[in-house]
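Data first, discussion second: the structure below is written as structure tokens.
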Amino acid sequence: VTRMPDGGFVYRGRVDDQLSINGHRVETGEIESALLTDGDVSDLSVLAEPTEAGPLLICFFIMPHDANDDRLAKIRRNLRQVAKDRLPAYMRPNKYIPVSVIKRTVNGKVDKDDLFERLRLRRNPATSNESEPA
């Protein structure tokens, strides 16, 4: 559970990054390892956003500094193809979102709260003070 800036609470699920999708136990790290074989991506993180229909898998990936719209579209296509080739359908991310940096905690783990906040700001840009799109 995370407390949001507006005072509300968001249930984030299990702490260990294990989730259940259609009765299958899935570790987001398995998905990340499979997707990191794409040479255009230096780092990525997969989040499971809870929805009424089940978890929505979202892949945040580091975009290259020289990336334009065409290159980002190519990277997304490549990531989708890698997912299709290496992962069963229930483990494939639903969305691929480029970011310039994936923040880490003091322990070196991905700051998933920061990524969830970026996702929230992306959906409601009127509340954002950032210049970088999530």
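Quick notes on this one:
- Criterion violated by GLU27 - all others in (1) at pLDDT 90 or above; (2) surrounded by 14 or more Cβ atoms within 10 Å (Cβ to Cβ) satisfied: (1)
- Positions within segment 30-53 being in a strand (DSSP E or B) and touching a residue at least 40 places away in the same chain (Cβ under 8 Å), in sequence order: LEU44, SER45, VAL46, LEU47, GLU49
- Per-region count, segment 54-87, residues assigned to a loop (DSSP other than H, G, I, E, B) and within 18 Å of the chain's Cα centre (by Cα): 5
- Boolean, SER20 is part of a strand (DSSP E or B), at pLDDT below 90, polar (S, T, N, Q) and surrounded by 13 or more Cβ atoms within 10 Å (Cβ to Cβ): yes
- Residues that are surrounded by fewer than 16 Cβ atoms within 10 Å (Cβ to Cβ), touching a strand residue (DSSP E or B) at 6+ places or on another chain (Cβ under 8 Å) and of a type outside the set (Ser, Thr, Tyr) within segment 30-46 comprise LEU36, ASP43, listed in sequence order.
- Filtering segment 76-130 to residues that are within 24 Å of GLY23 (Cβ to Cβ) and surrounded by fewer than 13 Cβ atoms within 10 Å (Cβ to Cβ) leaves LYS84, ASP85, PRO88, ALA89, ASN94.
- Looking across ALA89, ALA73, ALA83, one residue alone is in contact with a Leu (Cβ under 7 Å, 6 or more places away or on another chain) and either farther than 23 Å from PHE9 by Cβ or in contact (Cβ under 8 Å) with a residue 12 or more places away in the chain (or both). It is ALA83.
The values are calculated or read from the model by the stated rules, or taken from the named source; none is laboratory data. Source: prediction; values computed, not measured. All Cβ positions, even for glycine, are placed from backbone atoms using ideal geometry, and neighbour counts span all protein chains on display.
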